[in-house]
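A quick write-up on the structure given underneath.
Here, each number is a calculation from the coordinates, and none is a lab measurement. Only a predicted model underlies this, so the values are computations on that prediction, with no experimental measurement involved. Positions of Cβ are generated from backbone atoms using ideal geometry, with glycine treated the same way; all protein chains shown enter the neighbour counts.
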Amino acid sequence: MTAFSLEPAQLAWCAELRTLAAERLHPLADKGEPGHVNRALVAELGSLGLLGRQFTSGALDLCLMRESLAYACTEAETALALQGLGAHPVHAYGTEAQRARWLPRVTAGTAIAAFALSEPGAGSDAAALELRAEVDDSRGGRSSDTSQSGQSSDAPALTAAPDGPARWRLTGEKCWISNAPEADFYTVFARTTPGAGARGVTAFLVPADRPGLTGRGLDMLSPHPIGALDFDAVPVTADDVLGEVDRGFRVAMGTLNLFRPSVGAFAVGMAQAALDATLAHTAGRDAFGGKLRDLQAVSHQVAEMALRTEAARLMVHAAASAYDADAPDVPRRSAMAKLLATETAQYVVDTAVQLHGARALQRGHLLEHLYREVRAPRIYEGASEVQRGIIAKELYARQEAR
């Protein structure tokens with residue numbers, strides 16, 4: 001059922017989240033170092049119970065969290081979302097041992113998760129990934145990772161290399177991975193069957209201290225941590241598989257179908273913050289014998305900003321509600337929500353900068369910050385062009401099925 005309006009309890013919770021973001025999370029975000037994981041901020045998200053809520057509630061709840069946090073503190077929103085993105089495959093597809101070891105630490109904010117799908121030559125075309133998972137029969141037999149079962153979930157030490165022989169060796173590179181190279185574990189997608197496209201990909205849970213795994217940070221426009229990972233014959237076993245062998249693309253798409261609407265919610269939160277800042281600025285700024293808002297050209301632009309923001313919010317809520325209802329058209333709705341919301345946020349923030357003038361370009365201004373933040377969501381988790389392709393494919397498939 002489409003959520004055209006929120007319940008009073010939901011609205012109150014959103015207001016509470018915005019207050020928490022402004023008063024408790026934003027000060028921690030300001031103390032963080034751009035381009036690096038802010039562990040204090042993640043730990044605070046854990047103490048507030050927000051990280052764990054990603055795994056116990058639905059897609060609409062996730063969207064409300066992301067929009068509310070983004071409105072007051074984009075760094076907190078991103079930290080929360082990256083924990084969810086990296087750990088959702090463990091929650092949804094992991095074994096009992098995998099979940100018991102990692103999810104308590106993720107929800108507490110003491111272990112950092114990352115989702116490692118993109119590669120230098122396989123970004124939006126995820127089925128073209130080339131990270132190789134090569135069978136290692138050098139010592140024969142099936143090994144077991146004893147650290148998966150013999151160590152408590154809150155132990156500070158991370159998993160070491162398996163005691164027995166690795167079933168696979170991961171070789172290749174991942175790039176543009178959020179939280180890399182500082183995450184404690186990675187959900188890694190690797191090719192187990194050459195030439196099989198999307199059907200030959202397997203998802204692995206790879207602790208960061210596995211031998212042969214190294215990484216480096218990348219200097220990006222957005223302030224949150226993004227890096228590249230190098231895999232030099234990194235050992236993994238059957239105990240590290242998430243889901244089924246050669247069915248990892250389903251793990252990736254299942255995760256993205258959940259998180260794509262919430263990327264739209266992140267965008268809506270930024271758009272709303274830009275809109276509210278513009279309302280305050282144009283209502284108070286003297287210009288041409290009156291206030292900026294008295295100029296029809298300005299007031300019409302503000303109206304357009306509000307119209308597009310609300311339309312994007314409704315589509316995000318509709319897509320999230322469809323996911324929660326297990327509707328058959330989730331891929332199309334998720335793609336539509338992400339596409340409309342991220343493109344809308346780009347327009348709204350850009351227009352806000354224009355109406356504020358030069359002051360919005362000063363370092364430290366809210367809109368200067370949003371202007372840098374708003375660009376990336378149109379690319380990650382499927383670029384806008386990819387979303388249009390998904391929408392068209394789903395429409396034609398439905399038409400042919402009639």
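Just a few scattered comments:
- Where Rh is the Kirkwood radius over Cα pairs, Rg/Rh for the chain: 1.00
- Simple point charges give the picture: +1 on the Cβ of Lys and Arg, -1 on the Cβ of Asp and Glu, and for the range 8-108 a dipole about the Cα centre of about 300 debye.
- Considering only the chain, percent of DSSP beta bridges that pair antiparallel, nearest 5: 85
- Highest mean first, the peptides 220-232, 259-271, 22-34 sorted by other C-beta atoms within 10 Å per residue fall in the order 259-271, 220-232, 22-34.
- Counting every pair of alpha carbons in the range 261-402, the share spaced more than 21 Å apart comes to 48 percent.
- For Gly35, residues with placed amide H under 5 Å, excluding near neighbours: His224
- Among Ala180, Thr193, Ala274 - extreme Cα towards positive end, dipole of the chain, charges at beta-carbon: Ala274
- Gain in span if fully extended, Asp230 to Phe288, counting 0.36 nm per residue against the direct Cα distance: 15.0 nm
- Residues listed by number, the range 92-121, amide nitrogen under 18 Å from Ser47 label point at 7 Å toward C-beta: 105-112
- Pairs of alpha carbons in the range 225-313 whose separation is greater than 23 Å (percent): 55
- If the convex hull is drawn through the Cα atoms of the range 8-108, its volume per residue in Å³: 89
- Only Lys, Arg (+1) and Asp, Glu (-1) charged, at Cβ; the chain dipole about Cα centre in debye: 540
- Gain on full stretching of the segment that runs from Gln296 to Leu366 - 0.36 nm per residue minus C-alpha separation: 22.7 nm
- Size of electric dipole in the range 250-401: Cβ of Lys, Arg +1 and of Asp, Glu -1, about Cα centre, debye, nearest 20: 220
- 23 Å tail of the calculated P(r), the range 164-295, as % of Cα pairs: 51
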